[in-house]
Amino acid sequence: MDTASLAALPRPGPGRLLPLRPPTIDAAAEAERIEGILRTEIATWRAEYGLKTSFDEGLSYGFSTALEAYELERKHGVSFGLSDFDDAVRRAVPLGHVFKGYPTCFGHRHAKRMFQSLADGDVPRAILAAQVGSTLTLNPNPQRPS
């Protein structure tokens, strides 16, 4: 935008904030929709390489709270509950096995594009080709158009 257009925008007075709009999507329902598509994409991709796929609901549920603590520490520098993530990984991963994760963030809600981005990267592709588990967290940005 040019500076004249920016200068013409209304500005709040001192001590006042611009009003925020509530999210226009149901984040939980959208996360479930995206996760369903991603699971289908993962299973299809792995089948093309002759790999079987199963999703462990217990593992996914067990990691969800611990993963939120890990993400909180990474985003905000607050380490509350971070040891829970480490403990959950130690308890869930059998001896001789390795836990691998690939934290990522997308600025859109297109599940097939998300999957393609993962399949195109060396590290996530290696994880997709291994025994996998997944958790999806969707944080809607109310000021961003869908």
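None of the figures in this text is laboratory data; all of them are computed from the coordinates on show. Remember, predicted model here, so these are calculated numbers, not experimental data. With ideal geometry, Cβ positions are generated from the backbone for all residues, glycine too; neighbour counts draw on all protein chains shown.
A few notes on this one:
- Shape class of segment 1-67 from the alpha-carbon gyration tensor: prolate, with a/c at 1.5 or above and a/b greater than b/c.
- Answer label for Cα extents along the principal axes in Å (calculated), chosen among (1) 61, 37, 27; (2) 50, 30, 29; (3) 44, 33, 22: (1)
- Debye, to nearest 20: dipole size of segment 33-117, +1 on Lys, Arg Cβ, -1 on Asp, Glu Cβ: 380 debye
- On Cα atoms only, tilt of 27-48 relative to the major axis of the chain in degrees: 40 degrees
- Relative to the longest principal axis of the Cα atoms of the chain, the long axis of helix 82-92 lies at roughly 30 degrees.
- When the chain is treated as a Gaussian network with alpha carbon springs shorter than 10 Å, the biggest mean-square fluctuation among GLY101, GLY36, GLY77 belongs to GLY77.
- Whole-number Å³ per residue for the convex hull built on Cα positions in segment 41-86: 94 Å³
- Along the axis of the charge dipole computed for the chain (Cβ charges of +1 for Lys and Arg, -1 for Asp and Glu, origin at the Cα centre), the listed residues LEU17, LEU72, ALA7 are led at the positive end by ALA7.
- If the chain linking GLN116 and HIS76 were pulled fully straight, counting 0.36 nm for each residue of separation and taking away their Cα-Cα distance, it would gain 11.5 nm.
- For segment 1-55, size of Cβ-based charge dipole, Lys and Arg +1, Asp and Glu -1, in debye: 200 debye
- Along the chain, counting only trypsin sites (Lys or Arg not before Pro) with a DSSP assignment other than H, G, I, E or B and at most 14 other Cβ atoms inside a 10 Å radius, the longest segment between sites is 53-99.
- The calculated FRET efficiency for the pair LEU95 and THR24, based on their C-beta separation and a Förster distance of 41 Å, comes to about 0.30.
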